[in-house]
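The values are calculated or read from the model by the stated rules, or taken from the named source; none is laboratory data. The structure displayed is predicted, hence computed values, not measured ones. In this analysis, Cβ positions are derived from the backbone assuming ideal geometry, glycine residues included, and neighbour counts consider all displayed protein chains. Just so you know, the surface numbers come from the protein's heavy atoms only, side chains and all, with ligands and any DNA or RNA stripped out. Shrake-Rupley method; radii C 1.70, N 1.55, O 1.52, S 1.80 Å.
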2 protein chains.
Amino acid sequence: MQKVKLLISYDGTDYEGWQRQADGKVTVQETLEVALSRIFNTRMTVTASGRTDGGVHAEAQVVHFKAPKDPTKMKLVRALNSVLPDSVSVKKAWLAPEDFHAQKSAVQKTYRYLIHNSPIPDPLRRRYTAWIKKPLNIDKLNEITEPLLGEHDFKSFQTSGTVLKTTVRTIKAAKWAVAGENLVEFRITGTGFLKQMVRNIVGTAIYLYQNDLDALEMTRILAAKDRQIAKNTARPEGLRLESVEYPADLDNKCSEI
Amino acid sequence: MQKVKLLISYDGTDYEGWQRQADGKVTVQETLEVALSRIFNTRMTVTASGRTDGGVHAEAQVVHFKAPKDPTKMKLVRALNSVLPDSVSVKKAWLAPEDFHAQKSAVQKTYRYLIHNSPIPDPLRRRYTAWIKKPLNIDKLNEITEPLLGEHDFKSFQTSGTVLKTTVRTIKAAKWAVAGENLVEFRITGTGFLKQMVRNIVGTAIYLYQNDLDALEMTRILAAKDRQIAKNTARPEGLRLESVEYPADLDNKCSEI
């Protein structure tokens, strides 16, 4: 059966995260599987690059599935978007090689966390940003998160869940910046992320900043390898999965349909 | 009693527009009045610069009310935001002179209409933009709406409703522009707007553009003074009230609290 790679986007507001759940909660995975099942007239399952938590958005999540019928014989992107709710959309589709795996082949991911930083809440931003009243200082936040760069054991920033072989990950970039009027962003790129790792990093960084603590404290928290030592988990609505990268040779073997 | 002027913002998605309705539908006016009534411990009413339709947003709507207690003795903005749902927020409050009237004193308003212009729908923009698949041409749209500038009878662009003394209004600026990646905006400033006038103008302009019609047709529609001649009404979620202006002498008599 032909493997297909999809680039999808979703508004996580009304979903209990990516992963299909047994108790009937509405998830993005289930929503996409229902749409694919309608199109292919058979029970379909999909695999994503990774899970996202309830309320977390995706500008660009990658999934794969096996097509029981030739997917080039239909306008797949258009067909999917016509049956998906408007909270999920398919941006692109490719024929993928047999060895492509949305999760296992991924070499790098980027997340973006958006903060509305103003004394006054903004109704028009509340669904896609977290609100922080007191002014943030970009330079100080960058100093605070600097120790996270490189290869480390990020156990302190992992919310307990699945037992993993290793909690070592490599962070290639982590940068705070002004993203607009009263808008602050934190963009982080890494080889992989543990459960709620980005939200735990953001929540901890802001806690340290607001309590006049600095990069030394972040280094201490990282070294402790203990979730109890790290601080708050930032709210989900500020977070979005921005991109998932694959090796160039796999990208080259994908052909857009 | 002291008059108070408020600058408020709201996400219109879940509201049946601004104006309080008899049938119990949830409106922004009622929501704000309930919050004020809680704070002042008595039944409060507010007057806005104008109504907005169901689903239409406001970055900056202006309202006034009469305060039964000295509003300087409380942190009014903070108090209101603490009881309002997060879909409505108060950005500023002023003591206003007796002759200030949110609607009657207004001399100019600006609306902004946002369009996500891309073959693929965007779940993260769908609540605050209208989606148009086929590429729009900014220059052509600007040509099409050029005849609207100046003083005209805009009866062709008024959805029937309240009977008005006059349907003559003055448009001071009307401009289409690129507002971001795959994002097109139409910003219009005028002395006042008829019911659904901006949405009728946007819907008509896009219809004319998509049907290879031009400014001559817009001139003809304007001259007809007949709503049946004009075209579509653009969807509400793309529209937001961006600002309301008052005479400088009235602004000068307002003091922020």
- Go through the range B:157-173 and count every residue that is at pLDDT below 95 and among the small types (Gly, Ala, Ser). 2
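Here's the yes/no breakdown for (1) among the charged types (D, E, K, R); (2) under 25 Å from A:Ala130 (Cβ atoms); (3) assigned to a loop (DSSP other than H, G, I, E, B):
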{"site": "B:Gln29", "(1), (2), (3)": "no, no, no"}
{"site": "B:Leu36", "(1), (2), (3)": "no, no, no"}
{"site": "B:Arg43", "(1), (2), (3)": "yes, no, yes"}
{"site": "B:Thr52", "(1), (2), (3)": "no, no, yes"}
{"site": "B:Val62", "(1), (2), (3)": "no, no, no"}
{"site": "B:Arg78", "(1), (2), (3)": "yes, yes, no"}
{"site": "B:Asn81", "(1), (2), (3)": "no, yes, no"}
{"site": "B:Lys91", "(1), (2), (3)": "yes, yes, no"}
{"site": "B:Trp94", "(1), (2), (3)": "no, no, no"}
- Considering each of B:Val56, B:Val88 in turn, give the residue that is within 30 Å of B:Ala205 (Cα to Cα), within 14 Å of another protein chain (Cβ to nearest Cβ) and buried (at least 18 other Cβ atoms within 10 Å of the Cβ). B:Val56
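Based on what the data block shows, is B:Thr110 within 18 Å of A:Thr129 (Cβ to Cβ), touching a residue at least 60 places away in the same chain (Cβ under 8 Å), open to solvent by less than 20 Å² (accessible area, probe 1.4 Å) and more than 8 Å from chain A (Cβ to nearest Cβ)? Walk me through how you get there before you give the answer.
Details: within 18 Å of A:Thr129 (Cβ to Cβ): no; touching a residue at least 60 places away in the same chain (Cβ under 8 Å): yes; open to solvent by less than 20 Å² (accessible area, probe 1.4 Å): yes; more than 8 Å from chain A (Cβ to nearest Cβ): yes.
No: the conditions fail for B:Thr110.
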- Query: When the range B:59-82 is examined, which residues are found to be more than 13 Å from the chain's Cα centre (by Cα) and either open to solvent by less than 40 Å² (accessible area, probe 1.4 Å) or among the aromatic types (Phe, Trp, Tyr) (or both)?
  - Reply: B:His64, B:Phe65, B:Ala67, B:Pro71, B:Leu76, B:Val77, B:Ala79, B:Leu80, B:Asn81
- Which residue, of B:Leu76, B:Leu32, B:Leu80, is touching a helix residue (DSSP H, G or I) at 6+ places or on another chain (Cβ under 6 Å) and modelled with pLDDT of 95 or more? B:Leu80
- Message: Given (1) over 20 Å from B:Arg240 (Cα atoms); (2) open to solvent by 20 Å² or more (accessible area, probe 1.4 Å), identify the lone condition not met by B:Arg20.
- Response: (1)
- Note on the structure: Condition set within 14 Å of chain A (Cβ to nearest Cβ) and not in a helix (DSSP H, G or I), scope the range B:1-25, selection farthest from B:Gly55 (Cα to Cα): answer is B:Leu6
- strands (runs of 3 or more DSSP E) wholly inside the range A:131-202 that include at least 1 residues being open to solvent by less than 40 Å² (accessible area, probe 1.4 Å) and in contact with an Asp or Glu (Cβ under 7 Å, 6 or more places away or on another chain): A:168-180
- Item | Those residues of the range B:204-257 which are among the polar types (S, T, N, Q), closer than 20 Å to B:Lys134 by Cβ and open to solvent by less than 70 Å² (accessible area, probe 1.4 Å), in sequence order | B:Thr204, B:Thr233
